[in-house]
Amino acid sequence: MRRIDHWLALGTAGLPPVETGPVYDPNSGVVQAEVPLAGRAVLDRAVEGALAAQPDWAATNPQRRARVLFEFKRLVEAEMDDLARLLASEHGKVLADARGDLQRGLEVIEFACGIPHLLKGEYTPGAGPGIDVQSMRVPVGIGAGITPFNFPAMIPMWMFGVAIACGNAFILKPSEKDPSVPVRLAELMERAGAPRGILQVVHGGAEMVDAILDHPAIAAVSFVGSSEVAQHVYARGSAAGKRVQAFGGAKNHGIVLPDADLDRAVEDIVGAAFGSAGERCMALPVVVPVGEATAEALRARLVPAIHALRVGVSTDPEAHYGPVVTAEHRARIEGWIARAVAEGAELVVDGRGFRLQGHEQGFFVGPTFLDHVTPTMESYRAEIFGPVLQMVRAKDFEEALRLPSDHPYGNGVAVFTRSGRAAREFAHRVNVGMVGINVPIPVPVAYHTFGGWKRSAFGDINQHGPEGVRFWTKIKTVTSRWPEDDGGSGQDAFVIPTMR
């Protein structure tokens, strides 16, 4: 049995034995590897390595750190196909989507390559008589990332790319469901020239998460996962004196106004709802047509488009999406479908019980479409995180605006319209963190920032972009004066200084 071990600067010799967890091939349902589920002892070893490496790395000038990231980017691009196959074999997403996972991560690495400019501070000469004031951004020290299964390459790179560029050491705890690619990325970072200990990978479950949140040497933690765990991470990490950003679940809505190009909207909605088997925090699992005429016309186009979707193994170039990550997750998705029906939703297309010929033990869920869903249904309020599209009919623009604004989650929303005025009003008024106008998956580019509102995010600083630099650094302000022998009495030393 293949073992996916930790990536530690000081190795694993002498560490106590721990239980292991299975890593499946979702296409076949077969266990293909095992991963250790470690805790504090392994984390202590990682922190020891990070403490040894970080001071010299922080003292390395930003241009040299950027060169390491440039080389890391080149190495990842050279191994893109192999990394995509490895990612797909553990997650289940199709190869094209796996390459997209890697590419969107690399875009943040590209952004972080500009760190010499991004770290420039501020300087005011002559703020007072002979007094200059300077501010600078310095690394927090050791950062940690706790990442989910659905983007095993992109989200780690979103975190460690900026953190390492800023001069920090970084400890990554990836999902135990698909941990191979994160380990491979750490290997490539060292090949690119990062010192051992600057990027390490530790494996584990809840025990490892709490060990990270409690460890006094870890200064900042970034998390992506469910809202329940995100709230726990934020509360426990903050109580331990850490800087924490914790991104949770989502229930993104696609608002379809009567003037929308329905053919284009259907193409976008189907791709956003069912791509990657719906296992995206920026998926579009709720469609909201405005007016009954729009709803009926949209449904008439959606049903055949959904029936035309091809579910296949990850390596099938014709497949629109592959299996979900585990059998347990498949059961959870199918349970939510049953719950929606019991709550009164109309099951238009039922994907439960889907079996792929030749891969009957794989973790597949067929595309599912539910109509006449209402805001009072628990299946509407919950994040299903699977290939399930729900339709909630709105009678007018105001009701459509209220649905995402009043929902507990506030990650992303999209509006489909030809009206610039309606789009502008919607974007300004909706109570959601990221908005797409005729863009179904409004993930910002790397030099802007990513982050939702309400129960989709805990903490006040977003990921990547300038906000990422803010999160992984702290401000130091220096006020300096070079006194001359002017025969002063010294009495001013007892008065609070002013810039007179």
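Inspection of segment 107-123 identifies at least one residue that is exposed (fewer than 15 other Cβ atoms within 10 Å of the Cβ) and in a strand (DSSP E or B). Counting only strands (runs of 3 or more DSSP E) wholly contained in segment 225-341, the ones carrying 3 or more residues that are of a type in the set (Val, Ile, Thr) and touching a residue at least 40 places away in the same chain (Cβ under 8 Å) occupy 286-289. Condition check for Ala84 on (1) crowded, with 20+ Cβ neighbours inside 10 Å; (2) in contact (Cβ under 8 Å) with a residue 60 or more places away in the chain; (3) of a type in the set (A, V, I, L, M): one failure, at (2). Just name the residue that is most open to solvent (accessible area, probe 1.4 Å) out of those in segment 341-388 that are of a type in the set (D, E, K, R) and within 21 Å of Pro404 (Cβ to Cβ). Of everything passing the filter in segment 341-388, Arg381 is most open to solvent (accessible area, probe 1.4 Å).
Criterion first (in a helix (DSSP H, G or I), under 19 Å from Arg64 (Cα atoms) and small (Gly, Ala, Ser)) does Ala194 satisfy it? Answer is no for this residue. Take the conditions (1) open to solvent by 40 Å² or more (accessible area, probe 1.4 Å); (2) under 14 Å from the mean Cα position of the chain (by Cα); Gln134 misses just one of them, which is (2).
Going residue by residue through segment 306-314, is there one that turns out to be of a type in the set (D, E, K, R) and surrounded by fewer than 24 Cβ atoms within 10 Å (Cβ to Cβ)? Give the steps one after another, and end with the answer.
First, pick out the residues of segment 306-314 that are of a type in the set (D, E, K, R): 310.
Then keep just the ones that are surrounded by fewer than 24 Cβ atoms within 10 Å (Cβ to Cβ); that gives 310.
Yes, segment 306-314 contains at least one residue that is of a type in the set (D, E, K, R) and surrounded by fewer than 24 Cβ atoms within 10 Å (Cβ to Cβ).
Examine segment 140-151 for a residue that is open to solvent by less than 10 Å² (accessible area, probe 1.4 Å) and more than 24 Å from Gly11 (Cβ to Cβ), and state whether such a residue exists. Yes, because at least one residue in segment 140-151 is open to solvent by less than 10 Å² (accessible area, probe 1.4 Å) and more than 24 Å from Gly11 (Cβ to Cβ). Tell me, yes or no, whether segment 246-261 has at least one residue that is touching a Lys or Arg at 6+ places or on another chain (Cβ under 7 Å), within 17 Å of Met154 (Cα to Cα), surrounded by 24 or more Cβ atoms within 10 Å (Cβ to Cβ) and not acidic (Asp, Glu). Scanning segment 246-261, I find at least one residue that is touching a Lys or Arg at 6+ places or on another chain (Cβ under 7 Å), within 17 Å of Met154 (Cα to Cα), surrounded by 24 or more Cβ atoms within 10 Å (Cβ to Cβ) and not acidic (Asp, Glu), so the answer is yes. When Asp406, Asp396 are checked against the criterion of being among the acidic types (Asp, Glu), over 21 Å from Glu267 (Cβ atoms) and touching a residue at least 60 places away in the same chain (Cβ under 8 Å), Asp396 stands alone in meeting it. For segment 398-416, name all the residues that are of a type in the set (S, T, N, Q) and open to solvent by 10 Å² or more (accessible area, probe 1.4 Å). Matches in segment 398-416: Ser405 only.
Close contacts from segment 173-194, counting a first residue that is under 17 Å from Thr326 (Cα atoms) and a second that is part of a helix (DSSP H, G or I) and of a type outside the set (Asp, Glu), with Cβ to Cβ under 6 Å and a gap of 6+ residues or different chains, come to Pro174/Pro182; Asp178/His91; Ser180/Leu86. Kindly indicate whether any position in segment 430-447 is β-branched (Val, Ile, Thr), buried (at least 21 other Cβ atoms within 10 Å of the Cβ), under 29 Å from Arg264 (Cβ atoms) and out of contact with any Ser or Thr (no Cβ under 6 Å at 6 or more places or on another chain). Yes, some residue in segment 430-447 is β-branched (Val, Ile, Thr), buried (at least 21 other Cβ atoms within 10 Å of the Cβ), under 29 Å from Arg264 (Cβ atoms) and out of contact with any Ser or Thr (no Cβ under 6 Å at 6 or more places or on another chain).
The values are calculated or read from the model by the stated rules, or taken from the named source; none is laboratory data. Fair warning: this is a prediction, and the values are worked out from it, not measured in the lab. A quick note on method: Cβ atoms are made from the backbone with ideal geometry, for glycine too, and the neighbour counts reach across all protein chains shown. Accessible surface is based on the protein model in full, side chains and every heavy atom, while ligands, DNA and RNA are left aside. Shrake-Rupley method; radii C 1.70, N 1.55, O 1.52, S 1.80 Å.
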